[in-house]
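All remarks here apply to the structure that follows.
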Amino acid sequence: MKKRYPIISVILTVAALLSCPSAVAVSQGNAAEASEASDVYESYRNTYQYIEPDIPTYAPPEDEISANRSTLPTSYDSRSKRYITSVRDQNPYGSCWTFSAMAAMEASLLRAGGTVDGVRARYYNLDLSELQLAYYFYNSRTDPLGLTAGDYTFNPTTMSFLDRGGNDMYTVFALSGWYGAVAESKVPYRYAQSALTNGIPQATAYNAAAHLRDAYFVKGNQTDVVKSMIMEYGAVAASYYSDNSLYLFDSDNKTTSYYHPTATSTNHAVALVGWDDDFPASSFTAAAPGNGAFLVKNSWGTLWGTQAGYFWISYYDGGLNSAFCTAYIAEDAAKHDYNYHYDGSAIYRWGQLPAFGGGSTMSAVYTASDADQLLEAVTVALYDTNVSYEVQVYTDLARPNTPTRGTAMLAQPVTGITSYTGVYTIDLPEPVLIEAGQTFSVVIRLTKPESETDRQVKVFIDGSATYSWIGFHNEAQVGHTLVARTSGTWIDTTAWFDSATELRIHALTSMASSALTANEEGFSATNTLLCTDGVVDADDLLSRISVPEGFTLTLTDSVGRNLSGAVPTGAKIKITNPAGCITMFLDTVIPGDCNSNGIPDSNDGAIIRNVCIGLETLTAGSAQERAADLNGNGIIDSNDYILLRRTVLGQ
């Protein structure tokens, strides 16, 4: 019997609630100021449930290591670049994990010069809701497509969702399913107490301003890698073990610092926004082994500490080095309309895929909703680092349980290589048209470096489990996600792993517009017939549409592949903007082809004649009516009949 590889799942949790002890501040300089900082601190309860950072160590290529050594400055502060929003205040709840995640998402949007709701994000007005994330993390809602029905993350204790805690690994998987992030103005934190009793509006579950695009995990002791992430993404979420007695408030130098030499776990989440290699080792309550500290954005308000809510944490801090740091890369929620996925719980779980031919292959099979869409990107969650991938999309599947038995929609698979453990969104070079109700598959081939003896790739997977402080449930179904045992043999993940397992593969789509609207400035279309040779071809159709400068028009078949010459039934017109992105697809209407058989002929003439004399009617706005209105004046009359006979039929 062939060996079946089991799930490998590692989740280590702390059974008791981890809370910060009461504050005993050590101060230099103004004792009254330090005492005030201590009093503010003492009012907080910080609940960061800890996961043993069981992730692979990212090993950068030698050229990347050399580049980092030569380009990383000795000090850096994202605030000076205006990548950091204002310090927030989590008081009085243990919701620090939501604040660190939102701080990192906000920073990534600002670092990339991104938009929110189509408007350029600015450091002084960008504010994503922590309350919405905390609430829907523990109060799951089925996604808008209905694909995660029965999936949820839950709180098995009597503690409130605001004090129950969380961590970055769980948070990433929740945000990857588009549970936020919404604007603070829609779910403000000041309503937290009310939300404990009354909840928050269900309409805010998926009404996001920004979506998580990518997320990368690295170990906290990889100092140079963490620095590179801060420079590239503005900030990273991190955690450490907070002990009141170890904060040093220096009001003379206006610094607050922290170093815990022996911590091996964490209880508080923050965001790292900069560093200073020369921060003195002596500037902590106990001397650190060397100079250097990260600049931390806290979530205890601006009155805490002597740096208006910021502090320095030593590179050598035990808690920081024992955990992992997370880069949250966000994008405007308007970029995509739909997120096809089956993994509706936030469980931290990974499993090995079967290997053949030096790699592993996995797939998710979906059925499109009741609207034509453009498949623009694919998301995958990988436990292993340095993984090469190939992505292909198939439609018209002959057998849904064999996801490669269909039409390959990409001329060549999309290829690339990952760096970190994490979630990756892979853009397709050209969107794939998925028609309403059409079944399609996303197939991903994964390979590890040949130098590794274990060629089986480890990926994050969804599933079910209940622990002392948190629980997860995945209502897995046969036929949703599959893995390949050989190049042509597939097995369902509910059989390869267990009955509750589905892969974390997402398909991101946008609506495919079927008509031009009046408010799209610079676009216009006419039904005026320009064909005079009796053959309606691509040029005839495209010449009927005008677009702004820099936009291009291409005739495609019903699934988005480029065409020229004769126009088949179901053809569409693709409009591409100057940046090379597809703006929309238009349904084609061959002038005079009233019966939609692809050929304007005497049968179509009879239809127009019957409409003119009242013997037949055509549905308003239908393709048939538009085809009959050859002169584009909005009225089907004898002029259209004459135009058809003269220009198309040659009579």
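The values are calculated or read from the model by the stated rules, or taken from the named source; none is laboratory data. Fair warning: this is a prediction, and the values are worked out from it, not measured in the lab. We place every Cβ from the backbone using ideal geometry, glycine too, and count neighbours over all the protein chains shown. Accessible surface is based on the protein model in full, side chains and every heavy atom, while ligands, DNA and RNA are left aside. Shrake-Rupley method; radii C 1.70, N 1.55, O 1.52, S 1.80 Å.
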I'd like to verify a number: residues in the range 79-96 that are more than 14 Å from residue 189 (Cβ to Cβ) and either open to solvent by less than 30 Å² (accessible area, probe 1.4 Å) or of a type in the set (Val, Ile, Thr) (or both), how many? 1
Scan the range 283-292 and give yes if some residue there is open to solvent by less than 30 Å² (accessible area, probe 1.4 Å) and either touching a residue at least 60 places away in the same chain (Cβ under 8 Å) or part of a strand (DSSP E or B) (or both), otherwise no. yes
State the number of residues belonging to the range 335-389 that are open to solvent by 10 Å² or more (accessible area, probe 1.4 Å), more than 20 Å from residue 404 (Cβ to Cβ) and aliphatic (A, V, I, L, M). 1
Residues that are buried (at least 21 other Cβ atoms within 10 Å of the Cβ), part of a loop (DSSP other than H, G, I, E, B), within 26 Å of the chain's Cα centre (by Cα) and of a type outside the set (Gly, Ala, Ser), drawn from the range 199-252: 200
Can residue 616 be described as among the acidic types (Asp, Glu), at pLDDT 70 or above and outside any helix (DSSP H, G or I)? yes
Based on this model, can you work out whether residue 269 counts as in contact with a Phe, Trp or Tyr (Cβ under 9 Å, 6 or more places away or on another chain) and without any contact (Cβ under 8 Å) to a residue 24 or more places away in the chain? no
Counting only residues that are modelled with pLDDT of 95 or more and hydroxyl-bearing (Ser, Thr, Tyr), which one in the range 256-282 is surrounded by the fewest Cβ atoms within 10 Å (Cβ to Cβ)? 262
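Conditions tested, residue by residue: (1) within 20 Å of residue 58 (Cα to Cα); (2) modelled with pLDDT of 95 or more.
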{"position": "132", "(1), (2)": "no, yes"}
{"position": "150", "(1), (2)": "no, yes"}
{"position": "153", "(1), (2)": "no, yes"}
{"position": "166", "(1), (2)": "no, no"}
{"position": "177", "(1), (2)": "no, yes"}
{"position": "189", "(1), (2)": "no, yes"}
{"position": "196", "(1), (2)": "no, yes"}
{"position": "207", "(1), (2)": "no, no"}
{"position": "228", "(1), (2)": "yes, yes"}
The residue that is surrounded by the most Cβ atoms within 10 Å (Cβ to Cβ), considering only those in the range 498-512 that are in contact (Cβ under 8 Å) with a residue 40 or more places away in the chain and farther than 17 Å from residue 341 by Cβ, is 512
Is it the case that the range 455-463 has a residue that's out of contact with any Lys or Arg (no Cβ under 6 Å at 6 or more places or on another chain) and of a type in the set (Gly, Ala, Ser)? no
Lone unmet requirement of (1) modelled with pLDDT of 95 or more; (2) touching a Gly at 6+ places or on another chain (Cβ under 8 Å); (3) under 28 Å from residue 110 (Cα atoms) for residue 127: (2)
Pull out all pairs, ordered by first then second residue, where Cβ-Cβ is under 8 Å, the residues are six or more apart or on different chains, the first lies in the range 409-424 and is free of Cβ contacts under 8 Å to residues at least 60 places away in the same chain and more than 16 Å from residue 60 (Cα to Cα), and the second is of a type in the set (Lys, Arg) and open to solvent by 10 Å² or more (accessible area, probe 1.4 Å). 413/445
Helices (runs of 4 or more DSSP H) wholly in the range 110-198 with at least 1 residues that are free of Cβ contacts under 8 Å to residues at least 12 places away in the same chain and open to solvent by 40 Å² or more (accessible area, probe 1.4 Å) - which ones? 192-198
